[in-house]
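Asker: Here it is: the structure, laid out below.
The values are calculated or read from the model by the stated rules, or taken from the named source; none is laboratory data. Bear in mind the structure is a predicted one, so any value in this text is a computation, not a measurement. Glycine gets a Cβ as well: all are built from the backbone with ideal geometry, and neighbour counts include every protein chain shown. All accessible areas refer to the heavy atoms of the entire protein, side chains included, with ligands and DNA or RNA removed. Shrake-Rupley method; radii C 1.70, N 1.55, O 1.52, S 1.80 Å.
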Amino acid sequence: GLFRFFRQIPPRRLIWAPVVFTGISYAFLTENLQARIILGGLIFGLQGLLLTYFIALHSEKAPGRGKYIFGVSVLILSFLMLYRSIEGMTGDFAPTDLTSPVPLQTITFLVSVLSIMLMVFAQLLMTWERDLKTISDSELRMRTLFESTSDAVMMLDEKGFFDCNPSTLNIFDCPSKEVFISKHPADLSPELQPCGNSSKDMADFQISRAIKNGSSRFEWLHRRIDGETFYAEVLLTAMNFSGRMVLQAVVRDITERKNAQAKMEFMAHHDALTGLPNRLQLVERLEHELRRAERHGYFGAVLFIDLDQFKTINDSLGHPVGDRVLEVVAERLQQSVREEDLVARLSGDEFVVVLTVLDQDIETAALRAGEISEKIRT
């Protein structure tokens, strides 16, 4: 039992050797009660000492008082059995049968019963204390993770929030846990998500999915207590907490990641110097406008523009000045056209302007395109 308790594999020889030895020995001592008493006392006494040594050797694995009760009860029984064996050797203890009303015999039976009962109780207590410590350690580890993680961790049930970690207060800019718990989950989101759907409806959907599947991971637009919005990655996990179903929400602020993604997407479709759409976006927009013009039956125009003598500026004044000229030209081009038109940088000092929805008549559209191009030129 102790081997099992300490999660070790018990050697078979320690289990069966005493049994085999006792059985064979008693078979030859059937008619000799005195010899059986001596031999039995030695076996029980030595086994008790072995148990005491074993539990002392692994005492750090048995927290609490159970190991002490076990050790004391085993030692009492061991010393009594060894004393009984010694008394039998000296001839001071020689009962005629096991029920002889000899004081030592009576004490032996009484102490044996009490010791074995205490040993059973002690091992049950050791198991309970170990499980209690395991649970306590697990709760401590979870609480440490809960308190130290940089992600916001919130616990909520059908009534709302009932717990949160310090990072939650930092991320949502909340002064205290009591203030946060008093907030309704709807207070942490804008009315609509970026997709245009209601935050409440989408939240209900994600909660239902988490309860059904056990968890749900998604991106969400949250709102801090002061009204500022931020993008977050949310993990909802359904769990049984003290006999009731609750949700754990882990919120990670991904504003920096979103900004980096937006910057990468912008750089992929825009010129790094002027910020104008690049060749890739120009081609995509042209294809879109051509399909739209054909579908609705109107005309637009495409203007190709370059800067005369631009190389002279770079050669005489330097490339930094040339770059500034390109930036100013890009700004003026954008100011010269409508919001729905597109100004793109093709390469170097070459620009393209896409004029959309000029007119359904080709001549009128051409006339308007000429007016805009003259405005740009002057």
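Asker: To the nearest 10 degrees, how steep is helix 362-377 against the longest Cα principal axis of the chain, on a 0 to 90 scale?
Answerer: 80 degrees
Asker: Let me ask another. May I ask for the longest run of the chain untouched by trypsin sites (Lys or Arg not before Pro) that are loop-located per DSSP and have at most 16 neighbouring C-beta atoms (other than their own) within 10 Å?
Answerer: 225-337
Asker: Sticking with this structure for a sec: Rounded to the nearest 500 deg cm²/dmol, what is the calculated helix-only ellipticity per residue at 222 nm for the chain, with -39500 (n - 2.57) per DSSP H run of length n ≥ 4?
Answerer: -19500 deg cm²/dmol
Asker: Any idea what the dipole of the stretch 186-287 comes to, in debye rounded to 20, about its Cα centre with Lys/Arg Cβ at +1 and Asp/Glu Cβ at -1?
Answerer: The dipole of the stretch 186-287 has a size of about 380 debye.
Asker: Which GluC sites (Glu not before Pro) does the stretch 145-253 hold that lie in a coil by DSSP with at most 14 other beta carbons within 10 Å?
Answerer: E158, E191, E228
Asker: Okay, next question. Report P(r) for the stretch 207-307: all Cα-Cα distances, bin width 10 Å, range 0 to the bin holding the largest distance, values in whole percent.
Answerer: Histogramming the stretch 207-307 at 10 Å steps yields 12, 23, 20, 18, 17, 7, 2, 0 percent.
Asker: May I pose another question? Pairs K183/K263; K263/K375; K183/K212; K183/K258; K177/K258; K159/K263: which exceed 30 Å Cα-Cα?
Answerer: K183/K263; K263/K375; K159/K263, as the Cα separations exceed 30 Å there.
Asker: Pick out, in residue order, every one of the GluC sites (Glu not before Pro) in the stretch 315-356 that is DSSP loop and has at most 13 other C-beta atoms within 10 Å; say none if there are none.
Answerer: In loop regions of the stretch 315-356 (DSSP not H, G, I, E or B), the sparsely surrounded GluC sites (Glu not before Pro) are E339, E340.
Asker: Please give, to one decimal in nm, the separation of the simple spin-label points placed at V328 and E363, each 7 Å out from Cα toward the Cβ.
Answerer: 4.1 nm
Asker: Give me the orientation-averaged projected area of the Cα convex hull of the chain, in nm², one decimal.
Answerer: 37.2 nm²
Asker: Let me ask something additional. Solvent-accessible area per residue for the chain at a 1.4 Å probe radius, Å²?
Answerer: Per residue, the chain has an accessible area of 62 Å².
Asker: Moving on to the next point. Taking Cα pairs under 8 Å and at least six residues apart, what relative contact order does the stretch 66-170 come out at, in percent?
Answerer: Contact order relative to length: 26 percent.
Asker: Can you pull the percent of the stretch 1-152's accessible area that's carbon plus sulfur, 1.4 Å probe, other chains left in place?
Answerer: C and S fraction of accessible area: 71 percent.
Asker: Angle, helix 12-28 long axis vs. longest principal axis of the chain, Cα atoms, 0 to 90°, nearest 10?
Answerer: 20 degrees
Asker: Using Cα pairs closer than 8 Å and at least 6 residues apart in sequence, work out the relative contact order for the stretch 1-150, in percent.
Answerer: 27 percent
Asker: Which angle from 0 to 90°, rounded to the nearest 10, does the C-alpha axis of helix 279-296 make with the longest principal axis of the chain?
Answerer: 70 degrees
Asker: Count charges around I181 for me, please; just the other residues with Cβ under 15 Å from its Cβ, Lys/Arg as +1, Asp/Glu as -1.
Answerer: -2
Asker: Using the alpha-carbon centroid of each, what span in Å lies between the stretch 267-281 and the stretch 102-122?
Answerer: Each part reduced to its Cα centre gives a spacing of 92 Å.
Asker: Size of the dipole of the chain about the Cα centre, Lys and Arg at +1 and Asp and Glu at -1 on the beta carbon, nothing else charged, in debye to 20?
Answerer: Around 2560 debye, computed over the chain.
Asker: Same structure again: On the protein heavy atoms, probe 1.4 angstrom, tell me the percent of accessible surface of the stretch 216-357 carried by carbon and sulfur.
Answerer: Carbon-and-sulfur percentage of accessible area, whole number: 53.
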